[in-house]
Amino acid sequence: MFDIFLSHSYLDKEEVWGLYFDLKRKGYNVYVDWIVDPHLDRSNVTKESAQLVKTRMKNSKSLLLAVSYNASVSKWMPWELGFVDGNTDKCAIVPVSEGDVNRASFKGVEYLALYPFVTKDSLLGTENLIIVESPSTYVSMYDWIKSNAKPTFKSRSIF
């Protein structure tokens with residue numbers, strides 16, 4: 001069982017690699033296709049390989065969508081987001097671009113603004129990650145992933 005299915009564009013491999021290890025360091029079990037299943041061939045998608053990815057998504061408690069400028073060309077990310085959202089209702093956006101990717105930058109993919117996003121808890125000055133639903137509601141990522149029910153978001157001004 002994976003805590004996180006990390007949906008991403010392979011063009012962001014370096015950023016995803018760093019995010020993967022940061023999440024692992026924080027104690028999360030993370031699925032990234034080319035790390036966990038290096039035998040999958042992106043240039044030759046089969047029913048079997050698609051089924052394996054579906055199984056990995058079903059066996060994940062949540063999905064983090066690694067949003068970047070490259071993500072807009074991914075054919076797989078929208079499918080992965082819809083699949084996991086329909087099964088877990090635990091999907092969040094995590095920006096991985098060096099530039100500022102924010103809700104205003106979702107032109108053409110406005111549906112992404114429906115999802116909470118991941119950020120560091122800067123008010124506590126820690127490396128803890130939080131899931132932000134709005135400027136005044138959040139939950140720790142640990143509680144969000146580990147809870148069987150949708151957690152109650154805490155209120156505080158975080159911006």
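At a glance:
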read-out: Pair list, Cβ < 6 Å and 6+ apart or interchain, from segment 3-30 residues that are at positive phi to residues that are among the aromatic types (Phe, Trp, Tyr) and surrounded by 14 or more Cβ atoms within 10 Å (Cβ to Cβ); value: none
read-out: Candidates Asp89, Asp37 - the one that is of a type outside the set (Lys, Arg), modelled with pLDDT under 95 and surrounded by fewer than 20 Cβ atoms within 10 Å (Cβ to Cβ); value: Asp89
read-out: Selected residue (criterion: farthest from Val96 (Cα to Cα)) from residues of segment 17-34 that are out of contact with any helix residue (DSSP H, G or I) (no Cβ under 8 Å at 6 or more places or on another chain) and buried (at least 19 other Cβ atoms within 10 Å of the Cβ); value: Leu23
read-out: Residue within segment 95-107 that is at pLDDT below 85, of a type in the set (Ser, Thr, Tyr) and either buried (at least 16 other Cβ atoms within 10 Å of the Cβ) or more than 16 Å from the chain's Cα centre (by Cα) (or both) present; value: yes
read-out: Single unsatisfied condition, Thr46 versus (1) under 22 Å from Asp121 (Cα atoms); (2) loosely packed, with under 13 Cβ neighbours inside 10 Å; value: (1)
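The values are calculated or read from the model by the stated rules, or taken from the named source; none is laboratory data. Quick caveat, the model's predicted, so the values are computed rather than measured. Counting neighbours? That spans all protein chains shown, and the Cβs are built from the backbone with ideal geometry, glycine included.
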